[in-house]
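So the structure is just underneath, and the comments pick up after that.
The values are calculated or read from the model by the stated rules, or taken from the named source; none is laboratory data. Here the structure is a predicted model, which is why all the values come from computation and not from measurement. Glycine also receives a Cβ, built like all others from the backbone with ideal geometry; neighbour counts cover every protein chain displayed. Accessible surface areas use protein heavy atoms only, side chains included; no ligands, DNA or RNA. Shrake-Rupley method; radii C 1.70, N 1.55, O 1.52, S 1.80 Å.
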Amino acid sequence: MKIIETIQEMKETILELKQKGKSIGFVPTMGYLHEGHRKLMEEARRENDIVVTSIFVNPLQFGPNEDYDRYPRDEEHDRGAIKDEKVDILFYPHVNEMYPKKQTIEMKVRRRVDALCGKSREGHFDGVVTVLTKLFNIIYPNRIYFGMKDAQQVAVVDALLRDYNFSITLRPVDTVRESDGLAKSSRNVNLSEQEREEAPYIYQALLKGRTLVKQGEKNPEVVIEEVSRFIREHTHGKIDYVDCLSYPELEKQETIKRKMILAVAVHFEHARLIDNIVFDSSGQPLTVII
Ligand code: AMP
């Protein structure tokens with residue numbers, strides 16, 4: 001595995017590979033890698049000649065009161081984890097390499113962000129599309145791999161590719177979970193012992209909501225209320241949001257009659273956890289193909 005820290009070397013390397021006709025699969029991450037990330041790399045491996053992963057904790061996507069400084073970082077662990085997955089190139093830029101000075105042009109996401117994490121994390125997705133646009137222009141991937149754990153991110157990236165005519169195929173990948181159902185996340189290490197015990201109830205709450213839909217419930221508000229009640233009953237976490245919206249547009253619906261996402265965010269003391277499931281109008285789980 002080659003580790004590249006500068007944009008210039010990355011561009012030169014990619015140019016050489018493209019001249020040889022190699023296809024490139026790209027997995028952007030913020031590091032502290034776990035099996036969720038590895039799943040994305042495996043998918044990229046299956047479909048491309050070359051797999052590029054980036055590790056970059058993007059300051060632009062963290063709000064002033066968020067956990068940028070506390071975000072877990074472990075370079076040695078990450079380098080080891082990636083080696084196992086036979087990633088060909090790890091792009092590991094320093095923050096000054098990516099943002100040598102303040103951006104002159106700022107990107108603003110207008111739709112798909114006035115709900116879920118976009119609502120409570122103002123500017124977050126502006127930061128996400130900014131760094132991704134830069135990374136796409138540095139790495140020129142044929143395919144990009146994103147986890148459905150961050151389903152709103154998938155919806156926004158889908159819009160970015162369409163609106164700005166990137167010749168890139170988006171591959172959403174199902175959420176990888178612990179055996180007790182908790183979605184794998186770099187932030188799980190920040191949970192206390194008790195919080196870790198409570199955290200799996202988040203996924204159970206989502207399944208409970210989906211069961212209601214399977215049983216014929218068509219009112220999103222009833223589903224939201226049941227999921228919220230279940231989380232309040234089983235955890236000490238503070239609910240940031242529970243919502244049930246159309247996917248990928250992320251718009252409120254009067255009734256459940258099309259592809260929907262049921263999504264939650266819960267604040268524990270040192271970690272904000274998110275999770276979601278996507279299903280059709282009869283509550284059948286859906287693998288997202290965008
Ligand atoms: P992050 O490092 O948290 O920015 O995540 C990098 C990529 O890994 C994003 O596309 C995430 O959606 C994806 N990812 C994170 N956790 C999981 C998970 N448990 N299952 C599948 N993909 C995940």
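Summary of values
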item	result
Total residues in the range 170-202, condition over 17 Å from LYS39 (Cβ atoms), modelled with pLDDT of 95 or more and within 16 Å of the ligand (Cβ to nearest atom)	6
Matching option when the condition is open to solvent by 50 Å² or more (accessible area, probe 1.4 Å) and either under 19 Å from the mean Cα position of the chain (by Cα) or within 25 Å of VAL264 (Cβ to Cβ) (or both), among GLU106, GLU122, GLU43, GLU9	GLU122
Among the residues listed as LEU250, LEU262, the single one being open to solvent by less than 10 Å² (accessible area, probe 1.4 Å), modelled with pLDDT of 95 or more and in a strand (DSSP E or B)	LEU262
Hits in the range 157-210 - residues which are of a type in the set (Gly, Ala, Ser) and open to solvent by less than 60 Å² (accessible area, probe 1.4 Å)	ALA159, GLY181, ALA183, SER185, SER186, SER192, ALA199, ALA205, GLY209
Residue among GLU106, GLU97 that alone is away from the ligand (no atom under 16 Å from the Cβ), touching a helix residue (DSSP H, G or I) at 6+ places or on another chain (Cβ under 8 Å) and free of Cβ contacts under 8 Å to residues at least 40 places away in the same chain	GLU106
Residue list for the range 76-99, restricted to those being closer than 17 Å to ILE4 by Cβ, at pLDDT 85 or above and not β-branched (Val, Ile, Thr)	ASP78, ASP88, LEU90, PHE91, TYR92, PRO93, HIS94, ASN96, GLU97, MET98
